[in-house]
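Please read the structure below before turning to the comments.
Just so it is clear, none of the values below were taken in a lab; they were calculated from the coordinates. These figures come from a predicted structure and were not determined experimentally. Cβ: placed from backbone, ideal geometry, glycine included. Neighbour counts: every protein chain shown.
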Number of protein chains: 2
Amino acid sequence: MKLKIKQNILMEHLNYVIKGVSNKNLIPILNCIKFELTNEGLYLTSTDNDIAIKTFIDKKDIESIDVTGEIVISGRYIFDIIRKLPNTIINIEEVVDSRLYIYTEKSSFYLNCNLVSDFPSIDLSDHKSPIILDQKVLKMIYNQTSFASSTQETRPILTGINFKITEDKMECTATDSYRLAKKEILLNTKVEEDINVTIPTKNLGELVKMFINDEDKVYLHIFNNKIIFKFNNIIMLSSLINGTYPDTSKLIPNQFKIMIQTNLNDIYNAIDRASLLTNETEKNTIRFESYKDEVIISSNIPEIGNVEEKISIKKQDEHDIKISFSSKYMMDALKTLESEEVHLLFNSEITPIIIKGSSNDQLTQLILPIKTY
Amino acid sequence: MKLKIKQNILMEHLNYVIKGVSNKNLIPILNCIKFELTNEGLYLTSTDNDIAIKTFIDKKDIESIDVTGEIVISGRYIFDIIRKLPNTIINIEEVVDSRLYIYTEKSSFYLNCNLVSDFPSIDLSDHKSPIILDQKVLKMIYNQTSFASSTQETRPILTGINFKITEDKMECTATDSYRLAKKEILLNTKVEEDINVTIPTKNLGELVKMFINDEDKVYLHIFNNKIIFKFNNIIMLSSLINGTYPDTSKLIPNQFKIMIQTNLNDIYNAIDRASLLTNETEKNTIRFESYKDEVIISSNIPEIGNVEEKISIKKQDEHDIKISFSSKYMMDALKTLESEEVHLLFNSEITPIIIKGSSNDQLTQLILPIKTY
């Protein structure tokens, strides 16, 4: 393998594949990046056995392709070396004793290569009928639901975001069993068979960080045990989480006894202040009490003090609600709304609280109340 | 105590005194801020027994002073409450049962007060003849020397910056015994008695973070066991470190056998790259070898690879040097220089390396070489 390439071009692509390099030192080959130089261009691949990332640099972006070939090299070292070299043309060449020689006029590095045959072989071939989304749509799904997924490994299925597709309806759900976020998307085309897969939340997070252009498309190729995302010149594979995602469809009521409408910033800031006098050990519980045209939010830590916040509301009928919930969970939910007004929907002080924006954004946030008596 | 004050004005001053609030929970009163409202204005004081900070808000910046008085209140809670309130006029009032009532139109907080008599009494009275510096000068001293002081508590005296003043000459020195940074300053006036004190580096760091205007003055009132800094409307007291600072005057040679001049950015970047192939456990040792008009910097980790960097130099005579040192220590030293060119001065491969900028900035950096044979 022998080529010349501009520093900034190689760096752009190393920035993608480095996310697939394992941070653990257990299996050295998973700390590596594979370089495959063909006459068409340079492929870079990394995998930590949970995700795999492959990018492609077209020959037109490479200064010269002198000898094609493959090498496997420590990902962290090649990344740092290229990052710290000046933005000039870099020579990369495999030399005797399977060493990689990386040099510019003033700098020369020799790195020991790993065996190409030790690098895992990863099947990144396409599915016949991918689901096509705008990158901004998948990013929005992630931003509006990911926080509600669990970080505890006790129920692995809850550490992912569930994608359930029937015909042209896609429902994306995350829950840690104390709260739930659900986003509905209407697809451009219908799927032939129903799909129900759960993608690890952290892998989706790595994916959306790689998106560069909101208007570009991302292609989702869904298999039984993996999902392959294709976008720009990048392929990312993620494992899927085994198991059946809980059926959450009956959790969200259709009818509500109490419907409160208020300004999103006002309620967010009031809860933020009230949360100052809550205990994390008690789930940052705050009290929420509705009256004719206002809500009083209160909390206290007996040894420190107490707080009372008032917000103006509109309410649809005479019913009032007195309920307690986690200020943190409520703020997490409110943060995902993009409207000026928020609707809070209740049936009783022991049933789920539903939070929706005023616009028809197909987003539902749910949090469970906390019993305080 | 009863007053009305704008949120942004109180917040500006809480931002200063919060730095004097203890982060440890051992002695609750040290987590507090003392409010003293007089007819002249509001004083805020905090102390963690190592530093103390006192600020003053003049009556002209207070909306109304209704009842003068003193209260002592949890620093972290009052800080967070004021920070999260909107930028409006805040009412603060001591009410029955020694509670502090903080309220705006929509928000009301009650906080339990601590006993004013439990708050440490701190003597912040002046010295007759302070040393006067521009804030930017003290900030520069900190930035150019602090990194060289020790973070290990085994020799407490080395965790400070030593200020030695004779007549109008001030020498500021920091060393962790592997490297040393020394800055010399010419004062505007002569001191009557020699001064030799060591100020905890972290306290100086907190101080310079509070400086707002480079051109403003800071007044140093030096006592036997403490130093008081006065600037703008703020007073900060710092303890001094007990003990005798080592005499470092003979460490820095006057004459050198080898004097090398090179571009600061070039050598910094070359060492930065070479350090990629060093081990932290071996003090990030790199090799430095001079030839006629270039220096070769090299390092290696046998199992990973090796690196060689070339830089162009000017050298004053025929002597060459082959020496090893910590890339980290050299980069820390180079970072403090403000000139385009750097001078590296050597006598042998086992004697200290002196690093100076080309301009006459009264700054000397020293690092010890590492024996590698």
Q) Using a ≥ b ≥ c from the Cα gyration tensor of the stretch A:196-241 (square roots of the eigenvalues), is it rounded, prolate or oblate, where a/c under 1.5 gives rounded and otherwise the larger of a/b and b/c decides, a/b for prolate? A) prolate
Q) If one computes the Cα centroid of the stretch B:298-373 and of the stretch B:214-256, what distance in Å separates the two points? A) 29 Å
Q.
For the stretch B:151-236, which chymotrypsin sites (Phe, Trp or Tyr not before Pro) pass both filters: DSSP loop (anything but H, G, I, E, B) and at most 13 other C-beta atoms within 10 Å?
A. B:PHE223
Q: With only Lys, Arg, Asp and Glu charged, each at its Cβ (+1 for the first two, -1 for the last two), find how big the charge dipole of the stretch A:258-367 is about the Cα centre; round to the nearest 20 debye.
A: 120 debye
Q. How do the peptides B:301-309, B:282-290 rank, highest first, by the average count of neighbouring beta carbon atoms within 10 Å per residue?
A. B:282-290, B:301-309
Q. By count of other Cβ within 10 Å, fewest leading, how are B:VAL72, B:VAL218 ordered?
A. B:VAL72, B:VAL218
Q | Candidates B:GLU318, B:GLU63, B:GLU171: whichever shows maximal mean-square fluctuation once chain B is modelled as a Gaussian network with Cα springs under 10 Å | A | B:GLU318
Q) Once phi is turned into ³J(HN,Hα) by the Karplus curve 6.51 cos²θ - 1.76 cosθ + 1.60 with θ = phi - 60°, what whole-Hz value does each residue of the stretch A:223-233 show in order, with x for glycine and proline? A) 10, 4, 10, 7, 10, 10, 9, 10, 7, 6, 9
Q: For the pairs A:LYS24/B:LYS84; A:LYS139/B:LYS139; A:LYS19/A:LYS136; A:LYS250/A:LYS328; A:LYS59/B:LYS335; A:LYS2/A:LYS84, note any where the Cα-Cα span goes beyond 32 Å.
A: A:LYS24/B:LYS84; A:LYS139/B:LYS139; A:LYS59/B:LYS335
Q. Once the Cα atoms of helix B:264-274 and of chain B are each reduced to a long axis, what angle between those two axes, in degrees from 0 to 90 to the nearest 10, is obtained?
A. 80 degrees
Q: Please work out whether the protein assembly as shown counts as rounded, prolate or oblate from its C-alpha gyration tensor, where a ≥ b ≥ c are the square roots of the eigenvalues and a/c under 1.5 means rounded, while otherwise a/b larger than b/c means prolate and anything else oblate?
A: oblate
Q: Find which of A:ILE241, B:ILE89, A:ASN263 sits farthest along the positive direction of the dipole of the protein assembly as shown, computed with +1 on the beta-carbon of Lys and Arg, -1 on that of Asp and Glu, about the Cα centre.
A: A:ILE241
Q) So what J values fall out for the stretch A:119-126 if you push phi through Karplus, 6.51 cos²θ - 1.76 cosθ + 1.60 with θ = phi - 60°, rounded to Hz, Gly and Pro as x? A) 6, x, 8, 10, 8, 10, 6, 6
Q: Let me have the 222 nm mean residue ellipticity of chain B computed from DSSP H runs of 4+ only, each contributing -39500 (n - 2.57), with the sum over all residues rounded to the nearest 500.
A: -5000 deg cm²/dmol
Q.
What is the angle, in °, between the Cα long axis of helix B:135-145 and the longest principal axis of the Cα atoms in chain B? Nearest 10 is fine, range 0 to 90.
A. 50 degrees
Q) Counting only Cβ atoms, what residue of chain B lies nearest to the axis that sends chain B onto chain A, and how many whole Å off? A) B:ASN23, 15
**Q.** Tensor-based shape of the stretch A:241-373 (alpha-carbon gyration tensor, a/c under 1.5 rounded, otherwise prolate or oblate)
**A.** oblate
Q: Mind jotting down the three principal axis lengths of the stretch A:152-204 based on Cα atoms? Whole angstrom, largest first.
A: 36, 17, 16
Q) In degrees, nearest 10, range 0 to 90: what is the angle between the Cα axis of helix A:7-17 and the longest Cα principal axis of chain A? A) 50 degrees
Q.
Quick check: convex hull of the Cα atoms in the stretch A:28-109, volume per residue, rounded to a whole Å³?
A. 106 Å³
Q) What are the distances, in nm and sorted shortest first, from the label point of A:SER177 to the label points of the same position in each other copy, with each label point placed 7 Å from Cα along the Cα-to-Cβ direction? A) 5.5
Q: Show which aspartates and glutamates lie in cross-link reach of B:LYS310 when reach means a straight Cα distance below 14 angstrom and same-chain residues fewer than eight apart are skipped.
A: A:GLU105, B:ASP266, B:ASP272, B:GLU289, B:ASP293, B:GLU294
Q) Which value results for Rg/Rh of chain B when Rg is the Cα radius of gyration and Rh the Kirkwood radius based on the inverse mean 1/r? A) 1.09
Q. In what order do A:THR47, B:THR38, A:THR151 fall by count of nearby beta-carbon atoms within 10 Å, going from fewest to most?
A. A:THR151, B:THR38, A:THR47
Q.
If neighbour count is taken as other Cβ atoms inside 10 Å, put A:SER125, A:SER150 in order from fewest to most.
A. A:SER125, A:SER150
**Q.** Shortest-first nm distances, A:ASN213 label point to equivalent points in other copies (7 Å, Cα→Cβ)
**A.** 5.0
